[in-house]
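Novice: Just passing along the structure, written as structure tokens.
Read the figures in this text as sums done on the coordinates, not as results from a lab. Note that the structure is a prediction, hence the values are computed from the model and not measured. Note that we place each Cβ from the backbone using ideal geometry, even for glycine, and neighbour counts take in every protein chain shown.
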Amino acid sequence: MIAIETNGLTKQYGESVALSDLSVTIPTGTVYGFLGPNGAGKTTTMRILATLLKPTHGTAHIMGASIENRSAVAKHIGYLPETPPLYDELTGREQLEYIAGLREIPIEKATERIDRLATALSLIDDLDDRISSYSKGMKQKAAFIQAQLHDPAVLFLDEPTSGLDPRAARTMRTMIDDLAASGKTVFLSTHILPVVEEHADVVGVLNEGRLVAEGEPMALVQSAESGDKQSLEDVFLSITREPPGGMERAAPEPQHE
Amino acid sequence: MSESVRLGTQLGWTEFVRTCREIRSDTAKVVLLVGALSFSLLPLSLFSYVFLQARDEISIAIPLTPELRGGAVGFLWLFIAFISASRIAQNEHTPDHIDLLRSTVPDRAIVVGILLAETLRTGAYVAPILGLITIVLAYGFASPLLLVTIPLTVVLLFLSTIALGAVCGFTAALLVTRVRVIAQYKTILSFVIAIVFFGGIMLNNVTTLFSWAVFGQLPIAWLLDLALLGTPVIVVPSYAVIGTTVSIGLLLGGVLLTTRLATRLWSDVPVDHSKPKSDRSEPHTVASSPDGALHTARQPVPLWTDSIAADRIGTVSLLRIRRNPSLVWFLIFPLFMFSVFLGNIAVTTGIEAALQPLPIIIAIAVPWFLCAATSLNPFGDLGAVRPALLTSGIGGSTYLQGLSLPSRTIGVPVVVIGVVGSGLIAGHPLLTIAAIGGIGLVLILVGNAIAAGVGTVFPRLSATSIAGDREVVPPSMIATVVYTIPIVLCASIAAVTALSSTTVQQGVALLIGTVIPALLEILAIEAASIVAAPAPLFEAAGATITTLSPTSVWVGGYILPLVLLVVCGLIGRRIAIDRIDTAVIE
């Protein structure tokens, strides 16, 4: 089954093109690594797919539901934005109960899920503290739990390991693998390329709003191994490179697979 | 020290420029400031004209007395010190990026920057008025010296007073950082302090417990002698010297002391407001009650709804305000003005007269406050949580329902008890009390919808201040005004009708039957006679109004405004739901 399907997705702000003609098809159970330099349009894409932004042109469907229909899409998705969406005045548990309540999850079920996920991420002991006292990593953990409280089919994660210590980052990566193994689809945006290389089934590289490369990490590396390029990082730097002097970008060569 | 002053001047000027840019980006605030300034400058210009015309005929060769010094400078000194202490304690004690600043310049330079920025902000507000006064007096007394002494006096007064305010403000901020009880109740405490301060001034105005001459004994008040050097007013030159010396001493002492306090404040880790872990009796793996932690936290306030989502929205709205009362600080000032208004009535006409409008004020102010507190800036209140709410799939209707729950749960009993209690004490007839109570209940019913409708059309998504609590995003000024106008206008007309329908009848008849025709006649003289053509129609309408039956007056003066409020509520609800359902994050 197709989890995410976009067709000619474009977003313009006046003359400026943030996203241009994005067409991807992502089956369920896939971890899709979404890469690109700063300002490439990754967050714009995620917001459009999460129904938080309207595209200028094009269509997209999440689990068959059009992104025009927010309520239909909402039940299928969990979204972790770059800034953890939390209220400082609440405790972690209150925040998670709040979001579970918005999803109409009964309190018994919500409590079971909150405790299970918080235990897995070692946040359980801090759940009754105010979020204002949380570190950046703890906020990230709470927001990650919040995004999957309703067991969504598709998770949009924008820099999920940002601010996490190595142990928590590894736990989160393992959880992402487990989610994919259980049939969930994870749309993962990050700058940490080794994470994508290790965990993503498919990688899409966005540059200046255009999808300039897409494929399995190993296939991308092999297709680019014409010189000394041996890792996804090398491929990424190659296809998103700036010309010497950095005044203007080199025209990217589309490498759709 | 000189290096700190140089760096501090740069910092202060940068902070001041940031404030100016922030104000300039808010059109409503600019309009309000220009309006307030014009309101001050117009009568002052008139007074200046009269003064210049009559300056040869009035004797100004009077000696400065302690009363004059105390009233003109001493009281101002106290007032500015209080205001600057409040501002610094609440918002201005820690500039943005304090860690970067502290690792770059000495703490003393940062303190100098804070003081200078505050002085420039205060100075910017009074500069036009001060400029006019200075020019008029210098011209009137033919004394160019005043062009120097008056601005110098004001600069010394502001700098020394703000330095004193900074000492108090930083002390308060330090206490908030270190003492858990003060941190928990800081908003209530600051409200009490404000009531005591302004209440004390009001009380002193009425009872004259203390003469302003007391403040005239303070050397800082002797700066008035410096300001008026070179005028026919008889000043004491030695007082001018002492006043100048004391103000400079206060400034230097204030900077030194504030630097010590600031260093401690910026080096401290704030106390945690949440319950210490050792106090928790239950294991963390179990929610605090079968109904959940949120349900437990909102006790004892019940919220009645079938929707889990609406319940959670209402609960979180309530909890956030309870735990961070500064979220509703923007509403406190108008309520404070209501209190002052009542206080003034009480001291001028007696308690009984002050009780007369109390039921009306409760019926209007309570719903106005409660509905605005939760619903006047729905998008801004959500802050970073906006993506989570929008992607949760709940509709605007459920969100609005949730926001309305706290105001209805708290507002209905408060309005009923408050209006009935104050109405009975004031001696109003039962019918009048019921009618006023009805206004309050209608406002509670429609207030959230009006507030949310206005708040989604005129949202504010970021903090208004360049310093302080970025989590607090008050509604835009224009939203507050647009929300307040229909509520206060319609409810006031209905309330006055309930109190005295004859007054409303006579007032409207006078307006339509006499005032408007008279204005048309005047316009006809100035412009064209055709303008006066409708005047007889208005006169006839006015005459008809005087003959209306009491029932008709009640329908027009009471029922119609309430119907208008309901219509506003329905429109607001439609707008709010549409805006929330289609909201995007650019």
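Novice: Which order results if B:THR263, B:THR480 are arranged by neighbouring Cβ count within 10 Å, fewest first? List each step's numbers first, then the result.
Specialist: Working: B:THR263 17, B:THR480 23.
Going from sparsest to densest Cβ surroundings: B:THR263, B:THR480.
Novice: Another question, then. For B:ALA533 and B:LEU560, what does the FRET efficiency come to when R0 = 41 Å and r is the distance between their Cβ atoms, rounded to the nearest 0.05? Could the numbers behind the result be given before it?
Specialist: Values: r = 28 Å, r/R0 = 0.68.
The pair B:ALA533/B:LEU560 has a calculated efficiency of 0.90.
Novice: Mean Kyte-Doolittle hydropathy of 1.6 or higher plus an axial Cα length of 27 Å or more: which whole DSSP H helices in chain B meet both?
Specialist: Values: long enough: B:2-24 (33 Å, -0.50); B:27-54 (40 Å, 1.66); B:107-140 (45 Å, 1.39); B:146-178 (47 Å, 2.07); B:186-207 (30 Å, 1.65); B:237-267 (45 Å, 1.02); B:329-349 (30 Å, 1.80); B:396-426 (42 Å, 1.17); B:430-457 (40 Å, 2.14); B:477-499 (31 Å, 2.17); B:560-581 (31 Å, 1.41).
Span-like helices in chain B: B:27-54, B:146-178, B:186-207, B:329-349, B:430-457, B:477-499.
Novice: Among A:LYS141/B:LYS186; A:LYS109/A:LYS139; A:LYS54/A:LYS109; A:LYS139/A:LYS184; A:LYS75/A:LYS109; A:LYS54/A:LYS141, which pairs are too far apart, with a Cα-Cα distance over 26 Å? Please list the in-between numbers first.
Specialist: Working: A:LYS141/B:LYS186 31 Å; A:LYS109/A:LYS139 22 Å; A:LYS54/A:LYS109 33 Å; A:LYS139/A:LYS184 23 Å; A:LYS75/A:LYS109 16 Å; A:LYS54/A:LYS141 28 Å.
Over 26 Å Cα-Cα: A:LYS141/B:LYS186; A:LYS54/A:LYS109; A:LYS54/A:LYS141.
Novice: Taking neighbour counts of Cβ atoms within 10 Å as a proxy for exposure, in what order, fewest first, do B:TRP212, B:TRP329, B:TRP304 appear? Don't jump to the answer; show the numbers that get you there.
Specialist: On the way: B:TRP212 20, B:TRP329 16, B:TRP304 9.
Ordered from fewest to most neighbouring Cβ atoms within 10 Å, B:TRP212, B:TRP329, B:TRP304 come out as B:TRP304, B:TRP329, B:TRP212.
Novice: Please compute the net charge surrounding B:ILE585, taking Lys and Arg as +1 and Asp and Glu as -1 over other residues with Cβ under 10 Å from its Cβ. Don't jump to the answer; show the numbers that get you there.
Specialist: Details: positive: A:ARG47, B:ARG386; negative: B:GLU586.
Overall, the nearby charge balance is +1.
Novice: Distance from the Cα centre of the range A:17-59 to that of the range B:52-124, in angstrom?
Specialist: 53 Å
Novice: Next question. Using alpha carbons only, what's the Rg to Rh ratio of chain B with Rh from Kirkwood? Display every interim value, and only then the final one.
Specialist: Values: Rg = 28.2 Å, Rh = 27.9 Å.
Rg divided by Rh gives 1.01.
Novice: For B:GLU521, B:GLU586, A:GLU94, B:GLU539, what ranking results if the residue with the fewest other Cβ atoms within 10 Å of its Cβ goes first?
Specialist: Details: B:GLU521 13, B:GLU586 8, A:GLU94 27, B:GLU539 17.
The most exposed by this proxy come first: B:GLU586, B:GLU521, B:GLU539, A:GLU94.
Novice: Okay, moving on. Using only the Cα atoms of the range B:92-249, build the gyration tensor, take square roots of its eigenvalues as a ≥ b ≥ c, and label the shape rounded, prolate or oblate: rounded if a/c is under 1.5, else prolate if a/b is larger than b/c, else oblate. All intermediate terms of the calculation are to be shown ahead of the outcome.
Specialist: Values: a/c = 2.37, a/b = 1.45, b/c = 1.64.
Oblate is the answer for the range B:92-249, as a/c is 1.5 or above yet b/c matches or exceeds a/b.
Novice: Now for a separate question. Could you work out the Rg to Rh ratio of the protein assembly as shown, with Rh taken as the Kirkwood radius (inverse of the mean 1/r over all Cα pairs)? Write down the numbers at each step before the final one.
Specialist: Working: Rg = 32.5 Å, Rh = 31.6 Å.
Reported Rg/Rh (Cα atoms, Kirkwood Rh): 1.03.
Novice: Using only helices, what value at 222 nm comes out for the protein assembly as shown when you add -39,500 (n - 2.57) per DSSP H run of length 4 or more and divide by the total residues, to the nearest 500 deg cm²/dmol? The partial results should precede the final answer.
Specialist: Values: 36 runs with 513 residues, N = 843.
The per-residue figure over the protein assembly as shown is -19500 deg cm²/dmol.
Novice: Work out the P(r) tail for the range B:309-581: percent of alpha carbon pairs separated by more than 26 Å, whole number.
Specialist: Values: 18859 of 37128 pairs.
Everything past 26 Å amounts to 51 percent.
Novice: Once every Cα of the range B:287-414 carries one equal point scatterer and solvent is ignored, give the base-10 log of I(q)/I(0) from the Debye formula at q = 0.13, 0.20 Å⁻¹, two decimals.
Specialist: -0.63, -1.16
Novice: Rounded if a/c is under 1.5, else prolate if a/b is larger than b/c, else oblate: which is the range B:473-521, with a ≥ b ≥ c the root eigenvalues of its Cα gyration tensor? Walk me through the numbers before you get to the answer.
Specialist: Numbers: a/c = 6.86, a/b = 1.72, b/c = 4.00.
It comes out oblate by the Cα gyration axes.
Novice: Right, here's the next one. If you average the sequence gap of Cα pairs under 8 Å that are 6 or more apart and divide by the length of chain B, what percent do you get for the contact order? All intermediate terms of the calculation are to be shown ahead of the outcome.
Specialist: Details: 761 pairs, mean separation 85.5, N = 586.
Answer for chain B is 15 percent.
Novice: Over what distance in Å are the Cα centres of the range B:394-412 and the range B:488-532 separated?
Specialist: First find each Cα centre; the distance between them is then 39 Å.
Novice: Oh, and also: Taking Cα atoms, how many degrees apart are the long axis of helix A:92-102 and the longest axis of chain A, rounded to 10 and kept between 0 and 90?
Specialist: So the inclination is approximately 80 degrees.
Novice: Helix A:107-120 versus the longest principal axis of chain A: what angle, 0 to 90°, nearest 10, using Cα atoms?
Specialist: Approximately 60 degrees, to the nearest 10.
Novice: What residues have an amide H closer than 5 Å to that of A:VAL212, excluding those fewer than 5 places away on the same chain, when H is modeled at 1.01 Å from N in the peptide plane?
Specialist: Under 5 Å from the amide H of A:VAL212: A:VAL205, A:LEU206, A:ASN207.
Novice: Also, quick follow-up: Tell me, what is the FRET efficiency for B:VAL196 and B:LEU132 to the nearest 0.05, using R0 = 41 angstrom and their Cβ-Cβ distance as r?
Specialist: On the way: r = 34 Å, r/R0 = 0.84.
My answer for the efficiency is 0.75.
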